[in-house]
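Quick note: the coordinates plus some simple rules give every number you see, no bench work behind them. Given the structure is predicted, the values throughout are model-derived calculations rather than measurements. Please note: Cβ atoms are built from the backbone with ideal geometry, for glycine as well, and neighbour counts cover all protein chains shown.
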Amino acid sequence: MSAHDFHSTFTQSIKIQMNCHDCTLSRLCLPGCLQHGEVDLLENIVKRNRPLHKGDHLFRAGEPMQQVYALRSGALKTYLLDQDGNQQITGFILPGELVGLDAFGSSSFPSYAEALETSLVCTIPLAELEELAGHIPSLRKQLLVTLSRELHEEQQNYSHNRESAEQRLAVFLLNLSLRYSRRSLSATSFILSMSRGEIGNYLGLTTETVSRLFSRLRQQGLLEIKGRELHLMHPTALNRLGRIEVQQTV
């Protein structure tokens, strides 16, 4: 089965699962830290939205922050706008990850979240989540761990901006590989939901530079690309190229 077929099958399987107990991503999301009865309490406050289609916004900067979201399927990008109205992409959200946490402590969302493809999200009302976390220490701890991880990944991305363009792309692909492996998906064959331009925006590179780097890595035998389908042929060599040590953390 190709990565594209696997991706489609996985997405469809997520769409038909409609509760936290059955969701294959629950171990990555908030239910992963809860006991059976506690999952029921969380399930009672979770709301399921209609699908977002490519280009639809989940939220926009300035909108009231009354809920956080967990991505069930698809992919999102988060971004800010500069004073000239240009996007600065701040991250890519994969299934099982929370989005909107950067608004904690403020009354409105500071950023935008846009669907890169057809996506399903779970909505978790903030007031009810805070109340529930007050009664379930493990849930409160999981929220803190998730916030800490987001800050760490953001700092890592900023630190990589001082590296070469080739190193930045290598680190980005290895990070995607790790995140897909956490979802029990292939770490070496996956779909790139984001465009070359969006990757470049996130990494501080031009679209032309990203395209040239992909061509170079393909010529070196480190990866293969068929449309949006990416195959990492030699992750260890790509790791050496990025000069990083990938640690398996959840």
Vicinal HN-Hα couplings computed from phi for region 48-59 (Karplus, 6.51 cos²θ - 1.76 cosθ + 1.60; Hz; Gly/Pro x): 9, 9, 5, x, 8, 9, 3, x, 6, 9, 6, 7
Residues whose placed amide H lies under 5 Å from that of I93, excluding near-sequence neighbours: L76, K77, T78
Under the Karplus curve 6.51 cos²θ - 1.76 cosθ + 1.60, θ = phi - 60°, whole-Hz ³J(HN,Hα) for region 194-205, x wherever Gly or Pro sits: 9, 7, 4, x, 5, 4, x, 4, 5, 8, x, 10
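Can you tell me which of 67-74, 143-150 comes out highest on packing, and rank the rest after it, using the mean Cβ neighbours within 10 Å? Let's see the in-between values first.
Values: 67-74: 22.6, 143-150: 14.2.
By packing density, highest mean first, the sequence is 67-74, 143-150.
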Förster radius 51 Å - calculated FRET efficiency between Q219 and L101 (Cβ-Cβ, nearest 0.05): 0.80
Sequence-distant residues sharing a close amide H with V68 (under 5 Å, placed H): I124, L126
Most positive-pole-ward Cα, L71, P110, Q88, against dipole of region 42-140 from beta carbon charges: L71
Rough spin-label spacing in nm, given labels placed 7 Å along Cα→Cβ, for Q35 and N86: 5.4 nm
Under the Karplus curve 6.51 cos²θ - 1.76 cosθ + 1.60, θ = phi - 60°, whole-Hz ³J(HN,Hα) for region 134-149, x wherever Gly or Pro sits: x, 9, 10, x, 5, 5, 4, 5, 5, 5, 5, 4, 5, 4, 4, 5
